[in-house]
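What follows is a single structure, written as structure tokens, with notes after it.
The values are calculated or read from the model by the stated rules, or taken from the named source; none is laboratory data. Because the structure is predicted, anything quoted here is derived from the model rather than measured. As a convention, Cβ positions derive from the backbone with ideal geometry for all residues, glycine included, and neighbour counts pool all protein chains shown.
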Amino acid sequence: MADANPTLRQRQLANRLRELRKQSGLNLAEVAEQILLSPAQVSRIENAKRIASPRDVRALCKLYGVPEAELLKLAKESRKREWWLDHDDPDFRQMIGLESEASEIIEYETTTIPGLLQTEGYARAIFKGYLPRIDPEVLESRTQGRMKRQELLYRQHPPIYWVLLDESVLHRHVGGLQVMADQLEQLTSLAELPQVNVLVIPFTVGAHMGFDTAFRMLRFPQDADISDTLFTEDSMGGETHEDYGPSRARIERYREIIDHLRAAAANPTQSIEMIRAKAMEFAQQYNESQAPTSQ
């Protein structure tokens with residue numbers, strides 16, 4: 001595991017502080033009053049939405065009656081600046097930081113190829129489609145940030161990556177015929193990596209449990225001390241859910257959806273055949289569009 005990943009450390013610190021509060025028998029309002037923060041600020045610290053300052057950590061450790069050295073170390077490491085804080089969509093920085101430490105990633109998409117598998121041309125077209133007025137420098141930064149994320153798949157110990165795609169993803173024209181042909185060809189190549197598993201849910205399945213819900217589930221090594229983390233997203237941004245408290249039922253529901261989608265999908269060989277056939281179709285259409293027309 002990489003040392004001092006700030007996103008991982010922030011999540012570990014949040015989990016530890018939340019458990020210490022529960023053990024103390026104090027509620028958010030009581031803690032907030034003691035350390036001169038608002039209940040909302042304490043909640044954000046406990047949910048890794050706000051980076052705890054050294055002052056916050058010292059005050060909380062004193063309140064809970066625990067040594068401060070270990071938690072201060074986590075707080076310091078959570079403030080380290082990593083590349084993903086300057087790239088990609090700010091709504092998904094936490095997800096990007098955590099995926100670099102995941103032992104397994106399960107992703108389901110209904111409209112686009114997942115970011116970890118996108119070509120540069122496809123990624124650029126996605127960003128321009130979402131944000132038609134995006135500044136060219138921001139577009140380039142986000143595109144290159146997305147490309148850098150893909151180094152995850154080639155490191156010495158990559159995560160197991162399950163990619164579940166609704167068949168509609170293969171048909172949606174993103175960036176034009178050549179971009180789609182290149183993207184689907186790359187998808188078939190990446191599916192050959194031993195840790196990457198690509199499954200397509202065919203149109204013939206009809207309505208199913210994941211019909212309109214794109215999501216990512218991250219699982220972590222046991223020594224990371226982090227529960228399964230779910231990310232759902234739409235055009236307005238993303239939401240994070242952990243396997244505790246009110247989110248536990250949601251996590252269980254998505255585990256059920258994952259099992260359902262795996263069972264409904266075409267097998268790996270059939271899935272790759274579907275992707276390759278569509279790639280060839282896009283390539284043929286592109287070549288025909290470039291052929292000179294007779295006068």
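Specify the residue that is farthest from residue 217 (Cα to Cα); the eligible residues are those in the stretch 129-150 that are of a type in the set (Lys, Arg) and surrounded by fewer than 16 Cβ atoms within 10 Å (Cβ to Cβ). So the residue we want is 133.
Within the stretch 32-49, does at least one residue satisfy the condition of being outside the structural domain of residue 247 (by TED's automatic domain parsing), outside any helix (DSSP H, G or I), under 22 Å from residue 227 (Cβ atoms) and hydrophobic (A, V, I, L, M, F, W, C)?
Yes: the stretch 32-49 contains one or more residues that are outside the structural domain of residue 247 (by TED's automatic domain parsing), outside any helix (DSSP H, G or I), under 22 Å from residue 227 (Cβ atoms) and hydrophobic (A, V, I, L, M, F, W, C).
Taken together, the criteria exclude residue 116 from residues that are assigned to a helix (DSSP H, G or I), surrounded by fewer than 17 Cβ atoms within 10 Å (Cβ to Cβ) and at pLDDT 90 or above.
Restricted to the stretch 144-195, and to residues there that are touching a helix residue (DSSP H, G or I) at 6+ places or on another chain (Cβ under 6 Å) and of a type in the set (Gly, Ala, Ser), the residue that is nearest to residue 127 (Cα to Cα) is 175. Being basic (Lys, Arg), touching a residue at least 24 places away in the same chain (Cβ under 8 Å) and not in a strand (DSSP E or B) holds for only one residue in 253, 262, and it is 262. Residues in the stretch 151-183 that are small (Gly, Ala, Ser) and farther than 20 Å from residue 215 by Cα were compared, and the one that is surrounded by the most Cβ atoms within 10 Å (Cβ to Cβ) is 181.
Applying the condition of being more than 15 Å from the chain's Cα centre (by Cα) and among the β-branched types (Val, Ile, Thr) to the stretch 144-187 and asking which residue is nearest to residue 271 (Cα to Cα) yields 169. Residues in the stretch 192-227 that are surrounded by 19 or more Cβ atoms within 10 Å (Cβ to Cβ) and closer than 25 Å to residue 156 by Cα: 196, 198, 199, 216, 217, 218, 220, 226. On the stretch given as the stretch 35-49, residues that are surrounded by 14 or more Cβ atoms within 10 Å (Cβ to Cβ) and at pLDDT 85 or above total 9. Taking the criterion of being charged (D, E, K, R) and touching a residue at least 12 places away in the same chain (Cβ under 8 Å), the only residue of the stretch 123-139 that qualifies is 124. Within the stretch 188-226, restricting attention to residues that are without any contact (Cβ under 8 Å) to a residue 12 or more places away in the chain and farther than 23 Å from residue 119 by Cα, the residue that is farthest from the chain's Cα centre (by Cα) is 204.
Residue-level analysis places residue 158 among those that are at pLDDT below 95, out of contact with any Lys or Arg (no Cβ under 7 Å at 6 or more places or on another chain) and within 26 Å of residue 219 (Cα to Cα).
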